[in-house]
1. With θ set to phi - 60° and the Karplus curve 6.51 cos²θ - 1.76 cosθ + 1.60, what are the ³J(HN,Hα) couplings of the stretch A:41-56 in order, to the nearest whole Hz, using x for Gly and Pro?
2. Using only C-alpha atoms and all pairs of different ones, pull out the Kirkwood radius for the stretch A:20-158 in Å with one decimal.
3. With springs only between Cα atoms under 10 Å, which of B:181, B:35, B:89 fluctuates most in a Gaussian network model of chain B?
4. Decide, for chain A, between rounded, prolate and oblate: order the square roots of the alpha carbon gyration tensor eigenvalues as a ≥ b ≥ c, take rounded if a/c falls under 1.5, and otherwise choose prolate if a/b is larger than b/c, else oblate.
5. In nm, give the distance between the simple-model label positions of residue B:74 and residue B:186, each being 7 Å from the Cα along the Cα-to-Cβ direction.
6. Short version: ³J(HN,Hα) in whole Hz for each residue of the stretch B:135-149, in order, from phi by Karplus 6.51 cos²θ - 1.76 cosθ + 1.60 (θ = phi - 60°), x for Gly and Pro, what are they?
7. Within chain A, what is the number of lysine pairs with alpha carbons under 30 Å apart, leaving out pairs fewer than eight places apart on the same chain?
8. Given an 8 Å cut-off on Cα distances and at least 6 residues of separation, report the relative contact order of chain A as a percent.
Amino acid sequence: MERVFAALWRLLVAAALLGFVAPPVLAALGLVSGADLVNYLQQVVSGAALGCVYALVALGIVLIYKATETINFAQGELMMLGAFLCFTFVAILGLPFWAGALLGIGACAVLGMATDRIVVRPVVGQPAFAIVMVTLGFGFVARSLASVIPGWGTDTHTIVTPFANQIVALGPVVISQDHAAIIVATALLCGLLYLFFTHTKLGLAMQAASQNQLAAYYMGIPVKTVFTMIWGVSAGVAAIAGLMLAPIAFVHTQMGMIIFKAFPAAVLGGFGSIPGAIVGGLVIGIVEALAGFYLPEGFKDVAAYVVLLVVLLLKPEGIFGHVRKKKV
Amino acid sequence: MTDTPEAHAGAILRLRNVETYYGPIRAVRGVSLDVRTGTIVTVLGANGAGKTTILKTISGIMDPQKGAVHFRERPIQGLDPALIVKLGVSHVPEGRQVFPLLSVADNLKLGAYLRSDAVHVAKDLALVYDYFPRLQDRAGQLAGQLSGGEQQMLALGRALMARPALLLLDEPSLGLSPLLVKEIFAIIRRINAEQGTTILLVEQNANMALKVAHYGYVLEVGRIVFEGPSEELLANDDIREFYLGQKQQGARGRRRWKKRKVWR
Ligand SMILES: Nc1ncnc2c1ncn2[C@@H]1O[C@H](COP(=O)(O)OP(=O)(O)O)[C@@H](O)[C@H]1O
Ligand SMILES: [Mg+2]
């Protein structure tokens with residue numbers, strides 16, 4: 001049975017990749033019109049852009065999970081608060097975009113660290129259920145608080161980015177600069193995070209504390225402080241995701257609902273895998289966009305879960321996950 | 001054990017009546033021991049005797065309910081583990097506890113986490129590679145992919161990267177082949193002799209431990225029941241019987257076994 005699933009899994013991956021590259025090939029052969037190909041590519045790009053946002057939220061969830069084994073159900077709300085903080089600095093206080101964005105991201109990172117210290121830390125060691133309830137509860141509170149803060153409220157807002165209303169033309173394919181900026185920024189951010197985690201003392205300490213907490217204590221690594229900093233990194237990444245989402249969606253108190261796409265992304269990639277979270281987010285974003293364009297209405301919203309179910313059926317550990325083997 | 005100040009001259013580590021609990025379970029029941037500077041001291045005991053708990057109490061992972069731990073004449077019980085590492089105590093935990101998804105080199109780097117003297121750290125890395133050439137060969141490999149023996153070497157090397165004055169070793173022989181155990185113990189002896197590192201070695205493998213140690217304690221159910229220079233322990237009939245697996249021949253041995261099932 002396992003063999004059959006493994007074979008089917010390979011078949012699925014092959015079919016997906018084939019489906020992905022087929023349109024350009026068909027167009028080159030003259031079987032599909034140029035206009036159709038352009039449509040297809042534009043859907044892929046805008047799907048990838050949204051997928052990047054899913055990926056970054058998923059990444060934050062995975063970082064916290066790997067370190068503390070806490071599943072943060074409020075990661076979407078951290079993104080929402082990050083977006084509102086950026087909105088506050090840029091739109092309300094009128095700071096230059098980049099300065100305001102940096103301040104917003106920094107403020108959100110501090111907020112994430114405070115969340116760990118004040119909200120999550122006191123229940124660590126309690127049953128997993130308690131921690132779940134605490135993060136869920138924090139999400140609810142964050143939403144209601146945001147809706148009563150003057151200038152935030154229940155309205156929708158926008159953050160005007162330097163990229164707004166401009167386009168990038170790659171040949172006949174026209175991409176909005178906002179979409180292009182999201183993809184480029186996500187790639188840069190992933191590169192930066194990679195360098196941070198592999199080449200800095202603090203980054204290595206974060207990995208170490210995530211992999212073996214006790215051994216980290218033996219090395220003199222301040223594990224609790226390191227975990228708090230991971231919450232900070234995670235919330236900072238969430239704020240960046242919120243900032244990216246702002247120009248293509250809106251800033252509003254319910255934007256944390258993105259977690260219903262970020263979770264499938266994280267699970268799809270293999271929960272606990274950082275590359276998995278990124279790939280999972282991209283896959284869900286692209287599938288969603290294509291489903292929205294080519295399939296009847298309604299499919300778009302369930303696309304993420306259909307993909308997730310099919311993948312989990314064939315490969316329960318996710319795309320990049322590995323079956324946990326007990327070490328000798 | 002005499003309690004005159006002269007008796008402790010030169011002891012880098014002193015435990016006095018240490019009691020450590022796991023919740024209601026008293027795992028260490030009033031242990032006193034001295035580790036003289038520059039020596040190798042071993043604590044022998046069966047599984048569950050409390051050896052690991054003693055080491056955890058010294059390195060600050062656990063706090064004793066009662067008693068005192070003095071390192072270089074300074075009380076360290078209850079201090080933060082990071083502070084104790086900084087003072088010069090490195091702990092090689094039971095079961096190696098390497099960082100499995102980090103490279104060998106990164107594991108070693110983390111051993112020097114609290115140090116900022118890059119030049120000396122680089123020298124110590126060279127030294128560790130000198131003691132364990134196999135680690136240098138595998139520097140780029142993930143620690144989780146190493147064999148048990150190599151992981152033990154890595155755990156030792158990682159602890160050395162903190163440049164400790166006192167090294168705590170928790171059953172380095174656990175799960176290793178006799179040949180590897182010999183190799184590791186030879187290196188332990190070399191580290192002690194060449195670096196002057198004081199070593200507190202906790203073992204079930206009494207035979208090997210007494211061969212490298214200068215002084216030994218025997219621990220039973222959380223209590224020290226016997227102590228003495230290694231040669232004395234090796235020569236002691238009771239130690240041989242209970243910890244070296246060498247049963248006495250004849251009726252005399254059997255009688256003694258019945259009379260003294262437990263020490264004290
Ligand atoms: N985490 C724990 N919780 C409760 N009891 C423990 C725990 N760890 C060890 N013990 C108990 O404490 C005693 C000493 O354990 P330990 O120090 O690990 O012994 P050793 O290292 O000599 O095998 C044992 O009786 C053991 O059952
Ligand atoms: Mg033990």
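All of the numbers you see were taken from the coordinates with simple rules; none came from a lab. This is a predicted model, so every value here is computed, not measured. Cβ: placed from backbone, ideal geometry, glycine included. Neighbour counts: every protein chain shown.
1. 3J(HN,Hα) across the stretch A:41-56, in whole Hz: 4, 5, 5, 4, 5, 5, x, 5, 4, 5, x, 4, 5, 4, 4, 5.
2. With all distinct Cα pairs of the stretch A:20-158 included, I get 17.8 Å.
3. Result: B:181 has the largest fluctuation of those listed.
4. Cα axes put chain A in the oblate bin.
5. Going by the 7 Å Cα→Cβ label model, 3.8 nm.
6. 5, 5, 4, 9, 3, x, 7, 5, 4, x, 8, 6, 6, x, x
7. Pairs that pass both the separation and distance tests number 22.
8. Across chain A, relative contact order equals 32 percent.
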